[in-house]
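See structure below.
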Amino acid sequence: MQRRRHAIPLQQAAQESPSLASLMTRVHASTQRMNVIRSLLPSALRPNVQAGPFDEGCWCLMVQSNAVAAKLRQMVPALLAHLNKCDLGVISIRIKVQNR
């Protein structure tokens, strides 16, 4: 790898590095899925749900509390149906409560 003396944009660096390119692809896939389901989430829940990693058909949603996780778990079948209707290849949704 050659050392550069000038700054390059993040997008260019990601394209030149296989590991960063893979990470950028996964982030884009997760963000795309979050944008699709955002309108299905109740407005009070939206700020408490963040897109997590998407890997091999399993998508993780990060939430702020156990209460939000419980409500979101009730919504998983509807979210999966909507994502599959949009042909986004989500097999399962995992919900993880973030530690503070």
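The values are calculated or read from the model by the stated rules, or taken from the named source; none is laboratory data. This structure is a prediction, so every number in the text was calculated from the model and none was measured. Cβ placement follows ideal geometry from the backbone for every residue including glycine, while neighbour counts extend to all protein chains displayed.
Listing for the model above:
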item: Pair list, Cβ under 7 Å, 6 or more apart: the stretch 77-90 residue under 10 Å from ARG33 (Cα atoms) and touching a residue at least 40 places away in the same chain (Cβ under 8 Å), other residue of a type in the set (D, E, K, R) and outside any loop (DSSP other than H, G, I, E, B); result: LEU83/ARG33; LEU88/ARG33; VAL90/ARG33
item: Residue tally, condition of a type in the set (Lys, Arg) and under 12 Å from LEU61 (Cα atoms), over the stretch 26-37; result: 1
item: Members of the stretch 63-83 found to be farther than 17 Å from ALA44 by Cβ and outside any helix (DSSP H, G or I), listed by number; result: none
item: Members of the stretch 47-62 that are part of a helix (DSSP H, G or I) and buried (at least 17 other Cβ atoms within 10 Å of the Cβ); result: ASN48
item: Residue satisfying condition, being surrounded by 13 or more Cβ atoms within 10 Å (Cβ to Cβ), at pLDDT below 95 and among the hydroxyl-bearing types (Ser, Thr, Tyr), within set SER65, SER17; result: SER17
item: Subset of the stretch 57-76 [within 18 Å of CYS86 (Cβ to Cβ) and over 11 Å from the mean Cα position of the chain (by Cα)]; result: GLY57, MET75, VAL76
